[in-house]
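The structure appears right after this line, and notes come after that.
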Amino acid sequence: MQARSLSRQVPVSDGVLTILHHLDLEIASGESVAIIGASGSGKSTLLGLLAGLDLPTSGEVHINGENLFALDEDGRAALRGRLIGFVFQSFQLLPALTAIENVMLPLELAGTASARELALSVLQRVGLGERLHHYPKHLSGGEQQRVAIARAFATQPKLLLADEPTGNLDSATGGRIIDLLFELNREQGTTLVLVTHDAELAARCGRRLRLVDGHLVAE
């Protein structure tokens, strides 16, 4: 994955606020990278741009040789479905679907024949084998986070982008999720890009980058 001269500006009452300033980033296949920085530094904005969920003011993001922003919205969605798993800080679970149905959805959209079996397996791996048929409103914040992580894992993505994946978890559960992230990285060669305040998680990544004043600085 490559980002070239990536900028994001937003209008404010007295002009324009620059969140990301002509940022360059290159991440090798199978690498694990932690992006850290102060709250409000633009980490979530950067992750959304890398996934093509938001549009930059300028610049390019290339994934698997394709320029995300040369594609239309449907094209970006199709690329995400093929290649990318995303763990949102706000979970983004569908409230009308149970835990297992939320995890099955991207598998079904991809035409996976064994969607239920795969969803069951990954939910069991995140410790939710007893909560399969609960709706998000009946799950704690930590349980919803684990469903979101299971959904991102289920499609066995080439690239996993995660925004504070352990932020709503207790230390024991967070430790299991960290282990699972790096099992995916090791076993399947999945590229990990993680926004985190979790020092343990950041320390296990192969590279740590700090976002400061719209620029990435190596730790």
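Within region 48-58, how many residues turn out to be within 13 Å of S7 (Cα to Cα) and in contact with a Phe, Trp or Tyr (Cβ under 8 Å, 6 or more places away or on another chain)?
The first filter runs over region 48-58 and keeps only residues within 13 Å of S7 (Cα to Cα), leaving 48-50, 54-58.
Narrowing further to those that are in contact with a Phe, Trp or Tyr (Cβ under 8 Å, 6 or more places away or on another chain): 55-56.
Qualifying residue count, region 48-58: 2.
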Just checking, does region 7-22 include any residue being exposed (fewer than 14 other Cβ atoms within 10 Å of the Cβ), at pLDDT below 95, farther than 29 Å from A218 by Cα and hydroxyl-bearing (S, T, Y)? yes
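Among residues belonging to region 182-202 that are in a helix (DSSP H, G or I) and without any contact (Cβ under 8 Å) to a residue 40 or more places away in the chain, point out the one that is least open to solvent (accessible area, probe 1.4 Å). Reasoning before the result, please.
Pass one, region 182-202, residues in a helix (DSSP H, G or I): 182-188, 199-202.
Still in the list and also without any contact (Cβ under 8 Å) to a residue 40 or more places away in the chain: 183-184, 186-188, 199-200.
Details: E183: 53, L184: 9, R186: 159, E187: 117, Q188: 75, A199: 78, E200: 104 Å².
By that ranking, first place goes to L184.
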Are there any pairs with C-beta distances below 8 angstrom linking a residue in region 62-80 that is more than 15 Å from M1 (Cα to Cα) to a residue that is open to solvent by less than 30 Å² (accessible area, probe 1.4 Å) and outside any strand (DSSP E or B), with the two at least 6 apart or on different chains, and if so which? L71/G52; L71/L79
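Just for helices (runs of 4 or more DSSP H) wholly inside region 24-124: which have at least 3 residues that are open to solvent by 40 Å² or more (accessible area, probe 1.4 Å)? Steps first, answer last, please.
Details: elements: 43-50, 73-83, 99-109.
The qualifying helices (runs of 4 or more DSSP H) are 73-83, 99-109.
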Subset of region 205-219 that is outside any strand (DSSP E or B) and of a type in the set (G, A, S) - its residue that is surrounded by the fewest Cβ atoms within 10 Å (Cβ to Cβ): G206
Taking only region 165-197 into account, find how many residues are within 16 Å of F88 (Cα to Cα) and in contact with a Phe, Trp or Tyr (Cβ under 9 Å, 6 or more places away or on another chain). 3
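The values are calculated or read from the model by the stated rules, or taken from the named source; none is laboratory data. Since this is a predicted model, take the numbers as computed values, not measurements. Quick reminder, even Gly has a Cβ in these numbers, built from the backbone with ideal geometry, and neighbours come from all protein chains shown. These accessible areas exclude ligands, DNA and RNA; they are computed on the full protein's heavy atoms, side chains included. Shrake-Rupley method; radii C 1.70, N 1.55, O 1.52, S 1.80 Å.
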